[in-house]
Amino acid sequence: MDLVISRAEFALDRRSRSYLPSLEVQTRPAAERVCDFSDAVIPMTPEQAMYEAARCVQCPDPAPCMLACPTHNDIPLAMWYIENGQFNAAAALYRETSSLPEMCGRVCPHEQLCQGSCSQNKSNDPVLTGALEAFAIEHQRKTEGYDIPAGAPTGKKVAIIGAGPAGLGCAEQLLRKGHAVTIFESKPDGGGLLTYGIPNFKLPKEVVFARLDDFKRAGVQFVFNTYIGKDRTIDQLLDEFDAVFIGTGSEIDAPMEVPGEDLPGVYKATEYLIRANLPEELKPADLKERPEIGKKVVVVGGGDTASDCLRSSLRLGAEEVTCVYRRTVKEMPGGAHDRELAMQEGARYMFLTQPVRFIAGENGRLSAIECIKMELGEPDKKGRRKPVPVEGSNFILQADTAVLALGYWPDPLIMNTTPNLKTDKWGLISADPANGLTSRPGVFAGGDDVTGPSLVVTAMVAGRKAAASIDAYLKTSSN
């Protein structure tokens, strides 16, 4: 929407600000955006950004939004800068505490973090803190550009495994300390989940690659198509580098372990999203072709990845796209905003439903899914009510394609090829969450390979914390 605001309208006290209606995040019409993989969000204008930031009531320290942000961005001060048209000052402020503000402003579950903690929620809509972060960072990049400030060279070299959020967060902080950084990545390009997991309509690839270019200009060496644990080992890296950071994430799709799961037409979410969303030059050699989806697609799971698969399926031309989830909407782990966008675009949801068998047609491909109805029983150890099958409620759901978005496990290869690197029973690396220290001297870790699947922002923060520990280690090391 177009909005022109006079300067006088910004001179508001806290009570007056609390009554200003939110602009809400503007998206292209569903019928338009579902026809392509371009950004679904319409960027804010400067006038809109100033108005929305003026809705911040400037809570006294510590502001709830700041406490809820894993990076502890000084959001109230950023809002003040944006309200007063000092967009680049706001961007510089975000960069003090975040290594990936371009991405965090777009893909963080803001309704569960900063926006969800906004005091405006008590009587009004929250301030659009995420959209304003993205606006300020983009304005800075367009008007004055950005270079990562590199420290004086120390002569120390650090190898980072994984070019995703954790690895990039670690690299950015090490650059500021003057250490030389080489990032090893198994895929053809960088970004990790940001490139290979999140669709373009949610996080445009040009945003990711603009940030990757910042790292390249700052001197980071990227070594792509190199699988640590197979092509090289951690011990070999330690012969060449003074320290190693493992930020490989959790990228192995969890299996469903039901009959027919290996049928043609049944995809794991990661493979499906790579095939569907990326240009050919970015795809691994074995994932070049787009998936053959037919008319009816069923996505199994309830997280953000499930929403991404639903929306991708609609853009690939599916006529009927259904999400099957074994609990209710209240228990769904994914963001409500993404689900709303998926429903606007035509996806439908079947709750309290669990697939138990994938059925092949005459051609050997998937043609149907046998499901069973569920009901919620007693809470489990985490307090979530356990889904229990309803005896005799089995039914058949027609499907040409199924996508399993059931969560992720860590890749065991590095753990299995690194002696004395301790892991837990799930295969996650045992590392101190405060500093990334592992059982191996000189080896640090952080992100989803330590915590299990989490958020982009928490992985990035883990990388930053590990970088501080690596810097301290390098200062005392005789390597």
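The values are calculated or read from the model by the stated rules, or taken from the named source; none is laboratory data. Note that the structure is a prediction, hence the values are computed from the model and not measured. Note: ideal-geometry Cβ built from the backbone for every residue, glycine included; neighbour counts use all protein chains shown.
Evaluated against (1) of a type in the set (A, V, I, L, M, F, W, C); (2) closer than 25 Å to TYR267 by Cβ; (3) assigned to a loop (DSSP other than H, G, I, E, B), LEU397 falls short on exactly one condition, (3). Taking the conditions exactly as written (free of Cβ contacts under 8 Å to residues at least 60 places away in the same chain, within 22 Å of the chain's Cα centre (by Cα) and more than 29 Å from GLY463 (Cβ to Cβ)), does ILE75 satisfy them or not? Answer is no for this residue. Looking at (1) out of contact with any strand residue (DSSP E or B) (no Cβ under 6 Å at 6 or more places or on another chain); (2) in contact (Cβ under 8 Å) with a residue 24 or more places away in the chain; (3) more than 15 Å from GLU138 (Cβ to Cβ), which is the one condition that is false for THR27? Looking at each condition in turn, THR27 falls short on (1).
One line per residue, one yes/no per condition, for (1) β-branched (Val, Ile, Thr); (2) within 18 Å of TYR51 (Cβ to Cβ); (3) loosely packed, with under 15 Cβ neighbours inside 10 Å:
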{"site": "VAL107", "(1), (2), (3)": "yes, no, no"}
{"site": "GLN115", "(1), (2), (3)": "no, yes, no"}
{"site": "ASP125", "(1), (2), (3)": "no, yes, no"}
{"site": "GLN140", "(1), (2), (3)": "no, no, no"}
{"site": "THR154", "(1), (2), (3)": "yes, no, no"}
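With respect to (1) part of a helix (DSSP H, G or I); (2) within 22 Å of the chain's Cα centre (by Cα), the lone exception for GLU47 is condition (2). Confirm whether GLU206 is surrounded by fewer than 22 Cβ atoms within 10 Å (Cβ to Cβ), within 23 Å of the chain's Cα centre (by Cα) and within 30 Å of SER18 (Cβ to Cβ). So GLU206 does not fit the description; no.
Given GLU133, GLU111, which one is closer than 23 Å to PRO21 by Cβ, touching a helix residue (DSSP H, G or I) at 6+ places or on another chain (Cβ under 7 Å), surrounded by fewer than 24 Cβ atoms within 10 Å (Cβ to Cβ) and not small (Gly, Ala, Ser)?
GLU111 is the lone residue from the list that is closer than 23 Å to PRO21 by Cβ, touching a helix residue (DSSP H, G or I) at 6+ places or on another chain (Cβ under 7 Å), surrounded by fewer than 24 Cβ atoms within 10 Å (Cβ to Cβ) and not small (Gly, Ala, Ser).
Within this structure, ALA399 passes the test of being farther than 18 Å from GLY303 by Cβ, in the same structural domain as GLU271 (by TED's automatic domain parsing), in contact (Cβ under 8 Å) with a residue 24 or more places away in the chain and of a type in the set (A, V, I, L, M). Of all residues assigned to the stretch 238-245, at least one qualifies as being under 21 Å from LEU455 (Cα atoms), in contact (Cβ under 8 Å) with a residue 12 or more places away in the chain and not assigned by TED's automatic domain parsing to the domain that holds LEU341. Report, by residue number, each residue of the stretch 422-445 that is touching a strand residue (DSSP E or B) at 6+ places or on another chain (Cβ under 7 Å) and buried (at least 16 other Cβ atoms within 10 Å of the Cβ). Across the stretch 422-445, the qualifying residues are THR423, GLY427, ILE429, ALA431, GLY436, LEU437, THR438, GLY442, VAL443, PHE444, ALA445.
Scanning the stretch 120-164 for residues that are over 23 Å from the mean Cα position of the chain (by Cα) and basic (Lys, Arg) gives LYS122, LYS142, LYS156, LYS157.
Taking the stretch 432-479 as the range and being touching a residue at least 40 places away in the same chain (Cβ under 8 Å), in a loop (DSSP other than H, G, I, E, B) and closer than 28 Å to GLY197 by Cα as the test, the residues that pass are GLY436, THR438, GLY446, GLY447, GLY452, PRO453, LEU455. Residue count for the stretch 281-302 satisfying the condition of being within 19 Å of ASP189 (Cα to Cα), surrounded by 15 or more Cβ atoms within 10 Å (Cβ to Cβ) and of a type in the set (A, V, I, L, M, F, W, C): 2. Checking each residue in the stretch 66-108 for being β-branched (Val, Ile, Thr) and within 18 Å of LYS142 (Cβ to Cβ) picks out only ILE82.
Just one of the listed residues (PRO21, PRO70, PRO60) is touching a residue at least 24 places away in the same chain (Cβ under 8 Å), assigned to a loop (DSSP other than H, G, I, E, B) and surrounded by fewer than 13 Cβ atoms within 10 Å (Cβ to Cβ), and it is PRO21. Residue count for the stretch 250-294 under the criterion of being farther than 17 Å from PHE358 by Cβ and of a type outside the set (Val, Ile, Thr): the result is 19.
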